Amino acid sequence: MEPRLNPFGSPTVTTFLKYINSAGKSIAGSTLPAATQELVKIRASQINGCGFCLDMHTKDAARAGETALRLNLVAAWREARVFTEAERAALELAEQGTRLADAGGGVSDEVWAAAAKHYDEEQLAALVGLIALINSYNRMNVILQVPAGDYQPGQFG
């Protein structure tokens, strides 16, 4: 499969990516745990059907020491016993934040309160920014049909 448009050959997309990558650096450098960041990116990418991001973030997470068991269970996190309560709260927030169009009320107060139990204001800000950011990447890659499978860990950083 070839992408509809080469995202790396378009000056407009290249400039866009430069700016959102900068936003991503502020989140990556936050106190939100790195493992939580990867789990959230993986879950949103699963929901959005973004193969490129799934390829990237599962490989990056594995390289950083994430276990195959946890990576394999992200899609079924509610039934899995391998995630902490904090991670579960972040995954639920990611799901509701990703599925805004499916839920008339957006993110519920209960889901927000559960996340706020585990994360301070700066971590919550990073979590919200991360959810918005990964959804942007997912949408661009899905629209362009960017293929998955060739990503090498650390390729972009």
* Structure fact -> Matching label for the computed Rg/Rh (Cα atoms, Kirkwood Rh), out of [x] 0.99; [y] 1.01; [z] 0.95, is [z]
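What does the extension gain come out to for Glu110 and Glu2, with contour length at 0.36 nm per residue minus their alpha carbon separation? Walk me through the numbers before you get to the answer.
On the way: separation 108, 0.36 × 108 = 38.88 nm, distance 4.22 nm.
The span from Glu110 to Glu2 would gain 34.7 nm if fully extended.
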* Structure fact -> With Cα coordinates, the longest principal axis of the chain makes an angle with the long axis of helix 109-118, in degrees rounded to 10, of 90 degrees
* Specify the inter-centroid distance of segment 73-96 and segment 1-58, based on alpha-carbon positions, in whole Å. => 20 Å
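Stretch Ala86-Ala101 to full length: gain in nm at 0.36 nm per residue minus the Cα-Cα span? Could you put the intermediate results ahead of the total?
Numbers: separation 15, 0.36 × 15 = 5.40 nm, distance 2.49 nm.
Contour length minus Cα-Cα distance gives 2.9 nm.
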* Structure fact -> In degrees rounded to 10, the 0-90 angle between helix 121-144 Cα long axis and the longest Cα principal axis of the chain is 40 degrees
* **Estimated distance in nm for a label pair at Glu121 and Ala75, the labels positioned 7 Å out from Cα along Cα-to-Cβ** => 4.0 nm
* Asked: Got a sec? Charge dipole of segment 1-150, +1 on Cβ for Lys and Arg, -1 for Asp and Glu; which of His57, Val40, Thr84 is way out at the positive end?
  -> His57
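What is the chain's relative contact order, in percent, from Cα pairs under 8 angstrom and six or more apart in sequence? Walk me through the intermediate numbers first.
Details: 164 pairs, mean separation 62.7, N = 157.
In percent, rounded to a whole number, it is 40.
Each reported figure results from applying straightforward, stated rules to the coordinates on display, with no laboratory input. On a predicted model such as this, the values are computed, not experimentally measured, just so you know. Ideal geometry is used to build each Cβ from the backbone, glycine not excepted, and the neighbour counts take in all protein chains shown.
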